[in-house]
Amino acid sequence: MSKSPSEITAYHAHVYFDADTVQQAEELCEQARYTLGVAMGRVHQKLVGPHPEWSCQLSFNAEMIGDVLPWLILNRNGLTVFIHPVTGNDLDDHTKYIMWLGDSKPLNIDQFL
């Protein structure tokens, strides 16, 4: 049985960074908030949730993916970005329905099992 895109209510884009790229990541996230109107989470200089690197979450409604995705592709400047939909199924959202800009990373999905 096929799924409907209407099951996607929003997206999260997690910008990954380290000590050398924290300022770059923060500037990218702030620029995305200002330019695109996405919600910007905290700039976590520690591991949070399933993420294997420090990260900052950008949240936006499903209708914005056509604007946000190309903007991130063109402006990430080497940073890795993990993007997933919000469907209500956290495990699938973080494993089956994912996109990577840059190198993919292994997530710690134990919390979803």
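The values are calculated or read from the model by the stated rules, or taken from the named source; none is laboratory data. Owing to the predicted nature of the structure, the values given are computational and were not obtained by experimental measurement. These accessible areas exclude ligands, DNA and RNA; they are computed on the full protein's heavy atoms, side chains included. Shrake-Rupley method; radii C 1.70, N 1.55, O 1.52, S 1.80 Å.
Per-structure values
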read-out: Average projection area in nm² (convex hull over Cα atoms of the range 8-113, one quarter of hull surface); value: 6.1 nm²
read-out: Within straight-line cross-link reach of K3, aspartates and glutamates at Cα separation under 20 Å, skipping those fewer than 8 residues along the same chain; value: E63, D90, D92, D93
read-out: Max mean-square fluctuation residue, GNM over the chain, Cα-Cα springs under 10 Å, options V15, V43, V81; value: V43
read-out: 28 Å Cα-Cα reach of K46 towards lysines, excluding residues that sit fewer than 8 places from it in its own chain; value: K96, K105
read-out: Residue-normalised accessible area of the chain, expressed per residue, 1.4 Å probe, Å²; value: 58 Å²
read-out: Sequence-distant residues sharing a close amide H with R76 (under 5 Å, placed H); value: none
read-out: Protein accessible area in the chain, 1.4 Å probe - carbon and sulfur %; value: 49 percent
read-out: Solvent-accessible ranking of E53, E30, E63, largest area first, probe 1.4 Å; value: E63, E30, E53
